[in-house]
Amino acid sequence: MKNDIFAYIKKFFNTHLIDEINVSDKTIENYKYTFRLLFKFINENCSFKVQNFDFDKFNKDFVLDFLCWLENKRNNTISSRNLRLISIKSFVSFVLLYEIDNQELVNILKIPRKKEINKKTSILSEEEIKLLLEQPNTKLKKGRRKLAILALLYDAGLRIDELLSLKIHDLNFSNIKTITVQHGKGDKRREIPISDDTAKILSIYIKDYSLTNDDYLFSNCNKEKLCSNAIRKIIKENVELAKKENPNFSDKVNPHKFRHSKATHLINKGVSVVEVKEFLGHVDLSSTQIYITTDLLKKREALKTIEQQLEINNNNSIVGTNEWLDNLIQDSIM
């Protein structure tokens with residue numbers, strides 16, 4: 001297999017990612033898309049054809065040219081550029097397990113991520129969330145379904161994949177209403193509390209559609225998992241209705257904005273940043289920092305909590321030779 005880059009690519013996807021490190025399907029799709037873009041770059045910009053691609057051509061300069069092409073020709077954001085670099089580095093680190101003397105591959109690992117300009121996280125206010133949840137026509141069955149989707153997306157601060165993977169048996173409407181996310185980032189399991197109002201909305205919806213224990217909470221007419229585009233369409237439809245009542249209502253509302261909004265609202269109400277981290281399912285406490293408001297007192301206290309927790313993590317962690325690869329994989333699905 002030495003010097004056969006395509007043999008390594010096949011082994012990377014067919015064996016390493018699935019059997020050896022057991023990454024999520026979403027991570028695999030992200031990595032596959034990186035290679036599709038890489039081959040497209042070769043076809044459009046290189047003097048050789050994809051079938052002639054080999055390790056002699058796969059070096060630091062080649063990767064840097066690919067990253068520049070993503071930014072300048074495809075208008076990718078710095079975040080997307082960095083995501084592709086993470087995928088490439090993950091592949092390179094795998095190859096280096098076998099090609100330990102390949103210095104060109106080592107040089108690829110030394111390519112730094114491009115620094116992103118910090119931007120204030122865009123959120124919906126609590127008043128805007130309330131207005132948005134008032135838009136579905138709850139006299140209609142399909143309107144009650146739309147309300148259930150919007151209410152749960154916000155109340156539980158879910159990633160869209162988490163919402164779409166929920167099944168009826170993941171809901172618990174006993175004394176403390178909760179949902180259990182089984183397929184979160186990194187396939188980590190967590191239990192999320194929801195309000196009594198959201199639980200009531202969901203109960204009515206479940207009864208409307210006669211859903212059973214193993215059914216997806218939100219599915220299509222074939223009882224298959226609903227696609228993310230269907231959720232985006234529902235959000236867009238209700239945002240347009242909300243704008244008729246409030247012309248200043250944000251045009252750009254995606255599923256993740258519900259999550260950003262919920263996290264910010266929790267911190268504004270005094271919930272500790274550590275508790276919000278657990279609520280969101282963040283791996284790293286510093287990921288939760290973006291939700292800290294401009295209230296200086298709250299910001300100072302939250303930052304103090306982060307610093308203390310990071311110090312504890314740094315003192316207690318012993319990073320093994322292969323753990324950095326797991327960190328790269330986790331970063332790639334943020």
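Being more than 30 Å from Asp25 (Cβ to Cβ), open to solvent by 20 Å² or more (accessible area, probe 1.4 Å) and touching a residue at least 24 places away in the same chain (Cβ under 8 Å) narrows it down to one residue among Glu104, Glu116; which is it?
Numbers: Glu116 fails: more than 30 Å from Asp25 (Cβ to Cβ).
The match here is Glu104.
Can you tell which of Lys200, Lys141, Lys223 is loosely packed, with under 15 Cβ neighbours inside 10 Å and on the phi > 0 side of the Ramachandran plot? Show your work before the answer.
On the way: Lys200 fails: on the phi > 0 side of the Ramachandran plot; Lys141 fails: on the phi > 0 side of the Ramachandran plot.
The conditions single out Lys223.
Kindly provide the set of residues from region 58-70 that are open to solvent by 20 Å² or more (accessible area, probe 1.4 Å) and either aliphatic (A, V, I, L, M) or over 21 Å from Ile86 (Cβ atoms) (or both), ordered by number.
Leu64
Which condition does Lys146 not pass, out of (1) at pLDDT below 90; (2) within 17 Å of His256 (Cα to Cα); (3) open to solvent by 10 Å² or more (accessible area, probe 1.4 Å); (4) not acidic (Asp, Glu), if it passes all the others?
(1)
Looking at region 160-183 only, could you name the residues that are surrounded by 21 or more Cβ atoms within 10 Å (Cβ to Cβ), outside any helix (DSSP H, G or I) and in contact (Cβ under 8 Å) with a residue 40 or more places away in the chain?
Leu166, Val181
Looking at (1) at pLDDT 85 or above; (2) farther than 25 Å from Ile194 by Cβ, which is the only condition Ser286 fails?
Of (1) at pLDDT 85 or above; (2) farther than 25 Å from Ile194 by Cβ, only one is false for Ser286: (1).
Do we find that Lys233 is farther than 17 Å from Tyr154 by Cα and either of a type in the set (A, V, I, L, M, F, W, C) or part of a helix (DSSP H, G or I) (or both) in this structure?
On the way: farther than 17 Å from Tyr154 by Cα: no; either of a type in the set (A, V, I, L, M, F, W, C) or part of a helix (DSSP H, G or I) (or both): yes.
When the stated conditions are applied, Lys233 does not pass them.
Residues are listed down the side, and each one gets a yes or a no for (1) under 25 Å from Asp101 (Cβ atoms); (2) at pLDDT 90 or above:
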{"site": "Ile18", "(1), (2)": "no, no"}
{"site": "Ile28", "(1), (2)": "no, no"}
{"site": "Phe53", "(1), (2)": "yes, yes"}
{"site": "Leu70", "(1), (2)": "no, yes"}
{"site": "Ser79", "(1), (2)": "no, no"}
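Would you mind telling me which numbered condition in (1) farther than 19 Å from Val181 by Cβ; (2) of a type in the set (S, T, N, Q); (3) surrounded by 11 or more Cβ atoms within 10 Å (Cβ to Cβ); (4) at pLDDT 55 or above Asn248 fails?
Going through (1) farther than 19 Å from Val181 by Cβ; (2) of a type in the set (S, T, N, Q); (3) surrounded by 11 or more Cβ atoms within 10 Å (Cβ to Cβ); (4) at pLDDT 55 or above one by one, Asn248 breaks only (3).
If you scan region 16-40, which residues turn out to be open to solvent by 40 Å² or more (accessible area, probe 1.4 Å) and outside any loop (DSSP other than H, G, I, E, B)?
Hits for region 16-40 are Ile18, Asp19, Glu20, Asp25, Lys26, Glu29, Lys32, Tyr33, Arg36, Phe39, Lys40.
Test Ser219 against the criterion of being among the hydroxyl-bearing types (Ser, Thr, Tyr) and either farther than 23 Å from Arg159 by Cβ or in contact with a helix residue (DSSP H, G or I) (Cβ under 7 Å, 6 or more places away or on another chain) (or both), and give yes or no.
No, not satisfied.
Taking the stated definitions as given, is Asn43 part of a helix (DSSP H, G or I), surrounded by fewer than 12 Cβ atoms within 10 Å (Cβ to Cβ), more than 29 Å from the chain's Cα centre (by Cα) and not hydroxyl-bearing (Ser, Thr, Tyr)? Spell out how you get there, then give the answer.
Working: part of a helix (DSSP H, G or I): yes; surrounded by fewer than 12 Cβ atoms within 10 Å (Cβ to Cβ): yes; more than 29 Å from the chain's Cα centre (by Cα): yes; not hydroxyl-bearing (Ser, Thr, Tyr): yes.
It is true that Asn43 is part of a helix (DSSP H, G or I), surrounded by fewer than 12 Cβ atoms within 10 Å (Cβ to Cβ), more than 29 Å from the chain's Cα centre (by Cα) and not hydroxyl-bearing (Ser, Thr, Tyr).
Select from region 84-101 the residues that are closer than 21 Å to Ile21 by Cβ and at pLDDT below 90 and list them in ascending order. Even if it seems obvious, please write down each step before you answer.
Start the filter on region 84-101 by keeping residues that are closer than 21 Å to Ile21 by Cβ, which leaves 84-100.
If the condition is that a residue be closer than 21 Å to Ile21 by Cβ and at pLDDT below 90, then Glu99, Ile100 are the ones that fit.
Somewhere in region 84-91, is a residue of a type in the set (A, V, I, L, M), within 18 Å of the chain's Cα centre (by Cα) and either closer than 27 Å to Glu278 by Cα or surrounded by 20 or more Cβ atoms within 10 Å (Cβ to Cβ) (or both)?
yes
The values are calculated or read from the model by the stated rules, or taken from the named source; none is laboratory data. What you see is a predicted model; the values in this text were computed from it and never measured. Cβ sites come from the backbone with ideal geometry, for glycine too, and all protein chains shown count toward neighbours. Keep in mind that these areas ignore ligands, DNA and RNA; they rest on the heavy atoms of the full protein, side chains included. Shrake-Rupley method; radii C 1.70, N 1.55, O 1.52, S 1.80 Å.
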